[in-house]
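One structure is given below, encoded as C-alpha cells.
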Amino acid sequence: MSEDSLARRIAWEMDVRGWSQERLAKEMTDAGHPFHQSSISKIVKPKDGKRRSISVDDALGFAKVFEVPLDELLIPLEAVWDTQLRDGLTRLAALHHQREAIDREAAGLVTQVVKLAQAAGEQHFDRHLDAASAAERRRFLDEMHRWGQRLMSQVNAGVLEGVTDEEALDRLRRITFGERLDRGDRA
C-alpha cells in the first residue's frame, strides 16, 4: 500500500467521524502519539505534492485513534467501500426479509382479531369499548384502522398472496368496525 492510499484512508476516517485536523491531532496526542494539526494537514492535504511521510509509529497511532486494526487501516479505500457496500446490502436484504415476516405475522394477527370479533360478536366488543375510556377507545380503533391500512397496502404490494381486494376490503371494514367509522363514532 502506498502512503498516498494511507493518507486517503486517514482523510476518509476523519470525514466519517466528522473530525477536523485539529481534532485528529488532539486524539493522536492524547493517545501518546504527539501530532500537530499542520502535520495532519501535510499528510491529508499536501501542498505542491510534498506529502509528509507516515512512519510505522504514525500508522500505529492512527489505527489506535480510529479504533481500526493496523492491517485493516492499510487496506485500500476502494476495498473498504466495496466491503461496506456489500455488508450494507446484505443487511438491507436481511431487514427486508424480517419486515416481510413481521408483516405476514401482523396480517395473521389482524385476521385472528377479526375472527375473534366475529366469534364473540360485536356486542361483546361494544361492551368493552363502551366500558373503556374515550382515549382507550380512540387508541384501539386507530390501531385497528392503521393495521387495516397496512393490510390493504400488503394486498396491493402482493405480500399477501391469495387475498382478493374484496376479502381485504371486508377485513378492513371488520377490523375498523367500518360502520362506527362511517358514523364518525371514534371517540
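Per-residue answers, yes or no, for (1) among the acidic types (D, E); (2) open to solvent by less than 60 Å² (accessible area, probe 1.4 Å); (3) part of a loop (DSSP other than H, G, I, E, B):
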| position | (1), (2), (3) |
| --- | --- |
| A7 | no, yes, no |
| I10 | no, yes, no |
| H33 | no, yes, yes |
| K47 | no, no, yes |
| R52 | no, no, yes |
| V65 | no, yes, no |
| V68 | no, yes, yes |
| D82 | yes, no, no |
_Every residue from the stretch 14-31 that is open to solvent by 70 Å² or more (accessible area, probe 1.4 Å) and of a type in the set (V, I, T)_ = V16
*Hey, among the residues in the stretch 70-80 that are part of a helix (DSSP H, G or I) and not charged (D, E, K, R), which one's surrounded by the most Cβ atoms within 10 Å (Cβ to Cβ)?*
L73
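The values are calculated or read from the model by the stated rules, or taken from the named source; none is laboratory data. Given the structure is predicted, the values throughout are model-derived calculations rather than measurements. Glycine also receives a Cβ, built like all others from the backbone with ideal geometry; neighbour counts cover every protein chain displayed. Only protein heavy atoms, including side chains, enter the accessible area calculation; ligands, DNA and RNA are left aside. Shrake-Rupley method; radii C 1.70, N 1.55, O 1.52, S 1.80 Å.
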